[in-house]
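So the structure is just underneath, and the comments pick up after that.
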Amino acid sequence: MLTDAELAARTDRAVDTAVSAARDHGYRPGTPRVLHDLFSVVVALEPEPVVVRVPTVLPPGLDPAGQAEQQRREIAVCRWLSDAGHPVVRPAHPERPVAAGGLSLTFWERLTVVPDGPPDAGASGATLARLHTALRPCPVELDWMHPLDDSVTAMLDALRHDTTHVSPTDRDRALREWAAILPVLGDEAGCADRFPGTRPQPVHGDSPAYNVLRTPDGPYDADLEHVCVGPVEWDLTFAGPEVVAAYERAAGRPVDAELLALCEAARLVQLVACFAMVPQQPGLGDGMSPLLELWRASEPCGGVLG
């Protein structure tokens, strides 16, 4: 388990790496400001209009080449969306992942973010529907359901020797559920067979209702690190019934409640697996514990797969 001093040193290293890489690419950063620090350290390089994202907490099994390819896809999709007129955080120079200090950085245009209260369900649903409409014709080649990669199994395997939060009984259940879920959600043909009415398309991939920046010009989509092809229901997991209803109105299409339940079950198993990352990011443990209890009280596989 990392100490507070070690966590602070990791953040400082990320900031120093971002500043150095920015200078190498022609920027003249002044005083860096950390905007976010969890799985990535996000650094504003004021007065330059650029933000650098520095991933520092990576799941087991994600090799540097795989991470860089994931970043390249995100950059390509965001550039395409922005060129098409969609409000999304746009890649900044250089429009590619930058390897520096053993880390892989990406550069993004900095937006003016305005204070915002609790998210409005109607606005969140409409914003997501707009993103899905914009993504539908995206020509960038994407993987099927990229978030369901080998890192989940690797993290569950890593939990064999750490029962601080996840008991052996929890881990066994998570492995059984993952083995049942993967042939359906992890395989495009399997998903089509089980849910013949689904219409796969490019999706955000990571809780888009919470990855929206409020600006004076309206909401901007952000953090498409897990962009992939999949069912739209994946992007609606745990958004809540009001957001789902607003999405259906804006999209003009129904959401498959059974498929959504299975997507939420998969998300919960992912969450169980993420406890393997607590030694790298100790604050995750307390934050994820309520969802762990929710999973323990839920039906296996959301009650969808028998």
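Read the figures in this text as sums done on the coordinates, not as results from a lab. For clarity, every value in this text was computed on a predicted model and none was experimentally measured. Neighbour counts are summed over all protein chains in view; Cβ atoms, including those assigned to glycine, are modelled from backbone coordinates with ideal geometry.
Run lengths n ≥ 4 of DSSP H only: what is the helix-derived mean residue ellipticity at 222 nm for the chain, with -39500 (n - 2.57) per run over all residues, to the nearest 500? The partial results should precede the final answer.
Values: 9 runs with 133 residues, N = 306.
Result for the chain, helices only: -14000 deg cm²/dmol.
For region 150-156, just list the computed ³J(HN,Hα) in residue order, Karplus coefficients 6.51, -1.76 and 1.60, θ = phi - 60°, integers in Hz, with x standing in for Gly and Pro.
Coupling constants for region 150-156: 5, 5, 5, 4, 5, 5, 4 Hz.
At a Förster distance of 25 Å, what's the computed FRET efficiency of Arg72 paired with Glu299, Cβ-Cβ distance as r, to 0.05?
Working: r = 39 Å, r/R0 = 1.54.
According to the calculation, E is roughly 0.05.
So how do Ser124, Ser298, Ser40 line up by other beta-carbon neighbours within 10 Å, fewest first? It would help to have the intermediate numbers written out before the result.
Working: Ser124 23, Ser298 15, Ser40 20.
By the 10 Å Cβ count, ascending: Ser298, Ser40, Ser124.
Simple spin-label model, 7 Å along Cα-to-Cβ: Val57 to Glu188 in nm?
Roughly 3.3 nm, to one decimal.
Give the Rg (one decimal place) followed by the Dmax (whole number) of the chain, computed from C-alpha coordinates and expressed in Å.
19.4, 58
Based on the Cα coordinates of region 71-155, what is the per residue volume of their convex hull in Å³?
On the way: hull volume 15.0 nm³, N = 85.
In region 71-155, the Cα convex hull volume per residue is 176 Å³.
Take every Cα pair under 8 Å in the chain that's 6+ residues apart, average their separations, divide by the length, and report that relative contact order as a whole percent. The partial results should precede the final answer.
Values: 468 pairs, mean separation 58.8, N = 306.
Answer for the chain is 19 percent.
Using only the alpha carbons of region 4-109, determine the length spanned along each of the three principal axes and report them from longest to shortest in whole angstroms.
Projected onto its principal axes, the Cα set of region 4-109 covers 45, 36, 22 Å.
Across region 121-303, what fraction of all alpha-carbon pairs, as a whole percent, falls in each successive 5 Å bin from zero upward?
Computed distribution, short to long bins: 1, 8, 16, 20, 20, 16, 11, 6, 2, 0.
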